[in-house]
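This report concerns only the one structure given below.
No value in this document is a laboratory result; all are computed from the given coordinates. The shown structure was predicted, so the numbers you read here are calculated from the model rather than taken from an experiment. Backbone-built Cβ (ideal geometry, glycine too); neighbour counts: all protein chains shown.
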Amino acid sequence: MNDLAGLIEPLVALRRDIHAHPELGFVEHRTAARIAEVLRAAGIEVHEGIGGTGLVGVIRAGDGTRRLGLRADMDALPIHEQTNLPWQSTVPGCFHGCGHDGHVAMLLGAAQALARDPQFSGTLHLIFQPAEEGQGGARQMIEEGLFERFPCDRVYALHNWPGLPAGTISTRPGPIMGAADKYRITVTGKGGHAAIPQDTPDAILAAASLVQQLNTIVSRDVPPSAFAVLSVTEIAGGHAHNVLPAEVMVGGTVRTFDPMVQDRIEERMRQMLRGIEASFEVQTGLDYDRYYPATINDADAAADALAVAGLVGHAELAPEPAATSEDFSFMLQQRPGAYIWLGQGRGDNPPPLHNPHYDFNDEVLELGMRLHMALARHWLRD
């Protein structure tokens, strides 16, 4: 007998309903209400308002003392969807372009099946987290007592991965996602007439030199054995053809896996700014924000995840980490666990995450549910 009989079709409909009504970080009120409704209908204890719109469902079975946390993120992105699907976003400029709608549906489906037939002994905490997309919803839930109220001996999170074939499950011990830093530099001159540049420190020229220098940091200041990415993604300054602007802004991102490399990059950036000030007679300011740490998997938790994944799908060791970031990193700083990729790729060139043509692949919904269930039954076994 199929233990998920009758669950898949309603969950696909629920996933598409959430997709059609996306909500940005910390305002996932409708989404959270739908989740709470489904959990309560399954007889699951629900706690709301953790980290704003976050909520936790609790399933207890037997007399086991182990506690496991399974996390799903639920926020959308500020992107205009271009899929033209029947369930496409009804909210202009807001779109589930990272598959968090699918993450919610997979964990809800697993919750329903486990509530009906736990086959474990212990406590399972179902963590539905807001604001993963750059706003640190995981950190806020932790600061509001997530792990004090809902203790976890281990915690897992599952993310769809279009770059892997559908049916493949992958993770690795150690680093799996990068630390995410963002920087914003202001270069301030005096402003003046473009025909008299000798009288005006040129903020644009200084910024142009700075951009070139920034792009040498990884190649010349980071060991070849270490991973790092530094990208300049923004330049803004000037408003007229005959005016030298008083200020130019340069912004971008840095991705690393090693805090020592992270420190080195920031320090070299500050050294470069001192050189720019001396060379061009301008002033500079740097706002450097280390907003997400690297996502570091516990070795035992990753090994267990791969072993369990092999029971429900095709499991493979991820050969290298990704430079993208995840605020599940905050949870892994508090509790041992692992971040897992669920392949959902179909065709030769599936749209990547954060692409306006992306959509979660409903064909992997059941596999994700089974992986959640298997992780719970493995860790909370008698």
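Stretching Arg60 away from Arg220 to a fully extended chain increases their span by 52.2 nm, per 0.36 nm per residue minus the current alpha-carbon distance. For the range 166-283, a Kirkwood radius taken over Cα pairs fed into Stokes-Einstein (20 °C, viscosity 1.002 mPa s) yields D = 134 µm²/s.
May I ask for the percentage of alpha-carbon pairs in the range 253-336 that lie more than 19 Å from each other? Could the numbers behind the result be given before it?
Values: 2009 of 3486 pairs.
Summing the P(r) tail past 19 Å for the range 253-336 gives 58 percent.
Would you list Val56, Val222 from fewest to most Cβ contacts within 10 Å? Before the final figure, lay out each step's value.
Values: Val56 22, Val222 19.
Least to most surrounded, the residues fall as Val222, Val56.
I need the fraction of alpha carbon pairs in the range 153-224 separated by more than 13 Å, rounded to a whole percent. Walk me through the numbers on the way to the answer.
Working: 2063 of 2556 pairs.
That fraction is 81 percent.
Around the Cα centre of the chain, unit charges on the Cβ atoms of Lys, Arg, Asp and Glu (plus for the first two, minus for the last two) sum to a dipole of about 400 debye.
Can you check how the C-alpha radius of gyration of the range 1-136 compares to 2.2 N^0.38 Å, as a plain ratio?
Values: Rg = 15.2 Å, N = 136, 2.2 N^0.38 = 14.2 Å.
Normalised by 2.2 N^0.38 Å, the Cα Rg of the range 1-136 equals 1.07.
Comparing Cα centroids, the range 280-302 and the range 90-111 end up 27 angstrom apart. Computed over the range 179-292, relative contact order equals 44 percent, with contacts defined as Cα pairs under 8 Å that lie 6+ residues apart. Calculated [222 nm] ellipticity per residue, helices only, for the chain: -10500 deg cm²/dmol; basis is -39500 (n - 2.57) per DSSP H run with n ≥ 4, divided by all residues, nearest 500.
Placing one identical point scatterer on every Cα of the chain and ignoring solvent, what is log10 I(q)/I(0) from the Debye formula at q = 0.12 Å⁻¹? The Debye formula, applied to the Cα set alone, gives -0.91.
Comparing Gly134, His100, Ala113 along the charge dipole axis of the range 83-147, the residue lying farthest to the positive side is Ala113, per the Cβ-charge model. Of interest is the spacing of the C-alpha centroids, which for the range 197-235 and the range 151-172 amounts to 36 Å.
Can you sort Arg172, Arg377 from fewest to most other Cβ atoms within 10 Å of each residue's own Cβ?
Details: Arg172 22, Arg377 19.
Fewest to most other Cβ atoms nearby, the residues stand as Arg377, Arg172.
Two numbers describe the Cα atoms of the range 24-75: Rg and Dmax, which are 12.2, 39 Å.
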